[in-house]
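Have a look at the structure below, then the notes.
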Amino acid sequence: MPDFSSLILFAGAALVLTATPGPDMLLIASRSISQGRAAGFLTFAGIAAGTYCHALAAGLGLSQLFLAVPLAYEILRWAGCAYLLYLAYRAFRAEGSSFAPSAAYGRLSSERILTEGLLTNLLNPKMALFVLALFPQFVEPANGSLLLQMVVLATVLNGIGFVVNGAVIVLGGRIQRSFSGFRRFPRLPHYLLATVFAGLAARLALGARN
């Protein structure tokens, strides 16, 4: 397990990183505004699960594949772009209004929202490289299993992310309730989600590797 001083330093870095608006926060906020708090927390849960997967991959050395084989990075990057564009298309084509939660967001839909958050995170190779660059700075072989230390750091990152993004979700939920009676543009929530997914796809496609 990482020592206490390393955990404090990592927590400080994690707080700065999670409090800085980025793709994950944007996706969580848009879900919360368009579909309510439950959807926001499910999206965060999927992203947090993805963070654990990236941490385990870094601990096992799998993330080094992106450094050693550039083609692997490109394949995952374009797969992520394609998936995000698919989500944008599906959000654009969705029927009805999402400002008012309904029975349509049942068990199956909840699983879908969770899965979309997970896959959006997993199919972002920059997240894998981010974990690979940051986490090893706070682990030491003398402190035990490197894999366990990676998982502990991912837990700290997710815990701080829960607090920061939880505030975003609560705010988004309040906005969602404020617009629950807004019927003039019923498809606006779908357009919002479609725009966010398309924007994330463009960012992943056009952004530099580093």
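The values are calculated or read from the model by the stated rules, or taken from the named source; none is laboratory data. Remember, predicted model here, so these are calculated numbers, not experimental data. Cβ: placed from backbone, ideal geometry, glycine included. Neighbour counts: every protein chain shown.
Every listed requirement among (1) modelled with pLDDT of 85 or more; (2) buried (at least 19 other Cβ atoms within 10 Å of the Cβ); (3) more than 23 Å from LEU200 (Cβ to Cβ) is met by GLY117 save one, (3).
Mind checking whether some residue in segment 44-60 is surrounded by 24 or more Cβ atoms within 10 Å (Cβ to Cβ), assigned to a helix (DSSP H, G or I), at pLDDT below 90 and not small (Gly, Ala, Ser)? No - not one qualifying residue is present in segment 44-60. Exactly one residue out of GLY172, GLY159 is surrounded by 15 or more Cβ atoms within 10 Å (Cβ to Cβ), modelled with pLDDT of 80 or more and of a type in the set (Gly, Ala, Ser): that is GLY172. When restricted to residues that are polar (S, T, N, Q), more than 20 Å from PHE44 (Cβ to Cβ) and not in a loop (DSSP other than H, G, I, E, B), segment 139-160 contains 2.
Within segment 31-43, the set of residues being at pLDDT below 85 and in a helix (DSSP H, G or I) comprises ILE33, SER34, GLN35. Contact annotation: residue pairs with Cβ atoms under 7 Å, 6 or more positions apart or on different chains, pairing a residue in segment 160-173 that is under 14 Å from GLN35 (Cα atoms) with a partner that is of a type in the set (A, V, I, L, M), are VAL168/MET25; VAL168/ILE28; VAL168/ALA29; ILE169/ILE28; GLY172/ALA29; GLY172/ILE33.
Among the listed residues LEU108, LEU76, LEU87, LEU65, identify the single one that is touching an Asp or Glu at 6+ places or on another chain (Cβ under 7 Å), in a helix (DSSP H, G or I) and at pLDDT below 80. Of the residues listed, the single one that is touching an Asp or Glu at 6+ places or on another chain (Cβ under 7 Å), in a helix (DSSP H, G or I) and at pLDDT below 80 is LEU87. Within this structure, LEU71 fails the test of being buried (at least 17 other Cβ atoms within 10 Å of the Cβ), under 26 Å from ALA198 (Cβ atoms) and not β-branched (Val, Ile, Thr). Considering every residue within segment 127-138, establish whether at least one is in contact with a Phe, Trp or Tyr (Cβ under 8 Å, 6 or more places away or on another chain), surrounded by 20 or more Cβ atoms within 10 Å (Cβ to Cβ), part of a helix (DSSP H, G or I) and at pLDDT 85 or above. Yes, segment 127-138 contains a residue that is in contact with a Phe, Trp or Tyr (Cβ under 8 Å, 6 or more places away or on another chain), surrounded by 20 or more Cβ atoms within 10 Å (Cβ to Cβ), part of a helix (DSSP H, G or I) and at pLDDT 85 or above.
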